[in-house]
Every structure is written in C-alpha cells, then in structure tokens.
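The values are calculated or read from the model by the stated rules, or taken from the named source; none is laboratory data. Owing to the predicted nature of the structure, the values given are computational and were not obtained by experimental measurement. Positions of Cβ are backbone-derived with ideal geometry, glycine not excepted, and every protein chain shown enters the neighbour counts.
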Amino acid sequence: MTYEFVSSAKDHYHLCGPVLTFEVLGKPVGQGRISFLGKGRPAIHSNQNRLLPWRELVQHAAEAAITEEQQRFAALDVAPWFGGFPLDGPIGLYACFTLPKAAKSAKTKTTWPTKRPDGSHLLRAVEDAMTNAGVWRDDSQLVDEHLVKAFPGEHSQALHVPGVRVVVYTIGGES
C-alpha cells in the first residue's frame, strides 16, 4: 500500500519509514472536554463512556502491531533499524479516520465529513492510546502529523467501514 502525502517541511527533513502500520475498526471517538473535579479527585472526559473503549481498541491494535514488528525482526535475527520501541526522537504520524456516512447522504458522489467529531479531537484520542501502548515515549515527539477524515471508500486511504488507519514514521535529519 502506498501512502501519498507531502511533508510540510520537506526542505528540512525527510520521513523514514514506515515503522508501524495498523488499522482499528469501530466508530472513531474524539477526545472531548476534560472536567477537573477538584484537588485529589480524578479528571474525567465529558464523553468517557464512548472514549475509553475506543482508546482501548486503538491501544490494543498498536500493542499487537508492536509485537508483530518485534517478532518480524527477531525472526530475521537483526536489530530494528529504527532502534525499537518506544520510539525516540522526532516522529511523523498519518491517520485516516473513516467515519460512518449518514443514510440520507449522497451515494453516488464523494462527500466530506465536515461535521463533528473534530479532527484534532480524534487525533488526540489516538495519540494518547499510542502513548499508553508504548509506541513513543511522549506524544510531544510528533513533529509531522497528517489527518484525513473521510467516509467509507471515498478516499484512497479510507477503510470500507468506520475506523482508523495509522502509519507511524521516524523523521530523519536534513536531506
């Protein structure tokens, strides 16, 4: 599968990878507003009943992809060229969220999901799940992110059912 996107900083660095690729099936849920309940009490998300199961799906898929990648390198009896997990240094992330299309939407033409959930909220939920999975040390390492929101089958990277396709790249120095 080919991932075609252009780095916004192509003159400064290049993408080296992919290091990790996986898909998660299910209705994507954005990480909404956080409510702080006071000193010594936990913070809760306004939509935690839907968010937490989605983040667990993403985390388990990322952990399975890490395990598969580690087994692949072990079978070859070589060390990973990228140093292993959790990743260090600058990282690039591509995420294509496939959202459910409303039944009354046009069936014969391409449309775009311009309504909620907000793309940055969707990305935040995936980033946190991947941090918990041990893909990287901290999501502050992400320096190049590409987000797509699409309906099933209406984008080259869209899944045929709701979910997300994730590709993680390491970032190289100046080219």
Being more than 12 Å from the chain's Cα centre (by Cα) and surrounded by 14 or more Cβ atoms within 10 Å (Cβ to Cβ) is the filter here; which residues of region 61-72 pass it? E63, A65, I66, E69
Can you name the strands (runs of 3 or more DSSP E) wholly within region 63-175 that have at least 2 residues being small (G, A, S)? 91-98, 163-172
When region 146-158 is checked residue by residue, the ones that are surrounded by fewer than 17 Cβ atoms within 10 Å (Cβ to Cβ) and at pLDDT 95 or above are L147
Determine whether T21 is at pLDDT 85 or above and exposed (fewer than 10 other Cβ atoms within 10 Å of the Cβ). no
Say whether the condition of being more than 16 Å from A129 (Cα to Cα) and either modelled with pLDDT under 95 or in contact with a strand residue (DSSP E or B) (Cβ under 6 Å, 6 or more places away or on another chain) (or both) is met by at least one residue in region 51-60. no
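Against the condition at pLDDT 85 or above, touching an Asp or Glu at 6+ places or on another chain (Cβ under 8 Å) and either surrounded by 11 or more Cβ atoms within 10 Å (Cβ to Cβ) or not in a helix (DSSP H, G or I) (or both), how does V29 come out, does it pass?
Against the criterion (at pLDDT 85 or above, touching an Asp or Glu at 6+ places or on another chain (Cβ under 8 Å) and either surrounded by 11 or more Cβ atoms within 10 Å (Cβ to Cβ) or not in a helix (DSSP H, G or I) (or both)), V29 does not qualify.
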Conditions: (1) touching a residue at least 12 places away in the same chain (Cβ under 8 Å); (2) under 19 Å from L25 (Cβ atoms). G153 meets all but one. Number of the miss? (1)
Determine if region 123-133 includes at least one residue that is over 23 Å from E69 (Cα atoms) and of a type in the set (S, T, N, Q). no
Filter region 81-113 down to the residues that are hydrophobic (A, V, I, L, M, F, W, C) and under 18 Å from M130 (Cβ atoms), then identify the one that is surrounded by the fewest Cβ atoms within 10 Å (Cβ to Cβ). F82
